[in-house]
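Reviewing the structure listed below.
The values are calculated or read from the model by the stated rules, or taken from the named source; none is laboratory data. Predicted, not measured: the structure shown is a model, and the values here were computed from it. Note that each Cβ is placed from the backbone with ideal geometry, even for glycine, and that neighbours are counted across all protein chains shown. What goes into the accessible areas is simple: the full protein's heavy atoms, side chains included, and nothing from ligands, DNA or RNA. Shrake-Rupley method; radii C 1.70, N 1.55, O 1.52, S 1.80 Å.
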Amino acid sequence: PRTAGAKFRALLASGETFENVAAHDVLSARMVELSGFPSIYIGGSAMAEYYGEPGWALTTMTQRIEFAGHIASRVNIPCVADIDEGYEPLGMYRNTREFERAGLGGIHFGDRRAVAGVNRGMYTENEMTDMIHAAVDARSDMLVTVRLQGFNDEGMARTLERGAAYAAAGADVLWFVPFNPIENQLQAAAVIDTPLMVQLFYDQPVSVALDNKVRIAVYASLVQNIAASAVYDALTEFRNTGTWTASAKGQRLGNTIPAEVRQQLLQTADHVARRERYNQD
């Protein structure tokens, strides 16, 4: 298969569970590819951090398409991009076409409304199915993947009802999140005949997804967080010792970026103040 969408569909058709490893730039994406992983995830947080903003869907759709396309067009394995929130069917139709034109193998969007990082409740089932229909109509072979986010608010039964409706509307892959414990995925797999994806964490091998009937194991944000922490380590060493000796040799001090430093990096306090000023809390 030549198109990114066809490559992603071939992975699903294989019947195997496979990794979808997040990358945050071209070099990290190429490292994912060279390491032998079959697909790449381009998350909303990576896009936001590129622009130095919190992950509140503040980037424009043009910026998201450009960012994701820049990565996807420079690797030979398929990429799926989180397109964040804030859309309606006509916009979804246009944006789906643009993401596919940019070389993406899949797009990913959720059913929770969020404005400036504030939860505004769920899209209705009809609103979501209309947007899924629009995305499916607009694409040629790119995958449409949908994140279900209402488990904590609406419960298991209602979330599974939504999942069935989204699958009937044409969603190629479903992502139930948060759906803890992970064994809940088994119940979803038993009643919905659509491939599932799930986010795994640093201490969870891909076999966890396999054991719970999930086809795509997403490792989101880990590469970008580890890379950022390594830079923070190196700068901390230089500030404290006057040299870069340990960092230059690949040694890690074991630091993670403190929450208050990360907030400074993303200017979160400034965004919160503006959110309050404009009554978006």
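Of note:
- Scanning region 33-57 for residues that are touching an Asp or Glu at 6+ places or on another chain (Cβ under 9 Å) and aliphatic (A, V, I, L, M) returns 40, 42, 46, 47, 48, 57.
- Inside region 35-65, residues that are closer than 18 Å to residue 108 by Cα, of a type outside the set (A, V, I, L, M, F, W, C) and out of contact with any strand residue (DSSP E or B) (no Cβ under 9 Å at 6 or more places or on another chain) make up a count of 5.
- Every residue from region 71-86 that is open to solvent by 20 Å² or more (accessible area, probe 1.4 Å) and either at pLDDT 95 or above or out of contact with any strand residue (DSSP E or B) (no Cβ under 7 Å at 6 or more places or on another chain) (or both): 73, 74, 76, 77, 86
- Check on residue 37, of a type in the set (A, V, I, L, M, F, W, C) and open to solvent by less than 20 Å² (accessible area, probe 1.4 Å): no
- Options 246, 188: the member that is among the small types (Gly, Ala, Ser), in contact (Cβ under 8 Å) with a residue 24 or more places away in the chain and either loosely packed, with under 13 Cβ neighbours inside 10 Å or not in a loop (DSSP other than H, G, I, E, B) (or both): 188
- Reported count of residues in region 107-123, each being at pLDDT 95 or above and either open to solvent by 30 Å² or more (accessible area, probe 1.4 Å) or at positive phi (or both), is 0.
To keep it simple, each residue is scored yes or no on (1) more than 28 Å from residue 141 (Cα to Cα); (2) assigned to a loop (DSSP other than H, G, I, E, B); (3) among the aromatic types (Phe, Trp, Tyr).
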position: 155; (1), (2), (3): yes, no, no
position: 163; (1), (2), (3): no, no, no
position: 201; (1), (2), (3): yes, yes, yes
position: 210; (1), (2), (3): no, no, no
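- Boolean, residue 210 is within 23 Å of residue 42 (Cα to Cα) and over 18 Å from the mean Cα position of the chain (by Cα): yes
- Filter result (assigned to a helix (DSSP H, G or I) and crowded, with 21+ Cβ neighbours inside 10 Å) within region 165-182: 166
- Of the residues making up region 130-153, those that are part of a helix (DSSP H, G or I) and either under 17 Å from residue 213 (Cα atoms) or open to solvent by 20 Å² or more (accessible area, probe 1.4 Å) (or both) number 7.
- Test: residue in region 251-274 that is open to solvent by 70 Å² or more (accessible area, probe 1.4 Å), assigned to a helix (DSSP H, G or I) and within 30 Å of residue 9 (Cα to Cα): no
- For region 195-238, a residue qualifies if it is free of Cβ contacts under 8 Å to residues at least 40 places away in the same chain, out of contact with any Asp or Glu (no Cβ under 7 Å at 6 or more places or on another chain) and open to solvent by less than 20 Å² (accessible area, probe 1.4 Å), and the qualifying residues are 196, 198, 200, 229, 233, 234, 236, 237.
- For region 153-164, a residue qualifies if it is within 22 Å of the chain's Cα centre (by Cα) and either of a type in the set (Lys, Arg) or more than 15 Å from residue 175 (Cβ to Cβ) (or both), and the qualifying residues are 153, 162.
- Within the set 68, 46, the sole residue that is of a type in the set (A, V, I, L, M), assigned to a helix (DSSP H, G or I) and within 28 Å of residue 124 (Cβ to Cβ) turns out to be 68.
- Neighbours by Cβ (under 7 Å, 6+ apart or cross-chain): first from region 45-69, open to solvent by less than 20 Å² (accessible area, probe 1.4 Å); second β-branched (Val, Ile, Thr) and assigned to a helix (DSSP H, G or I): 54/268
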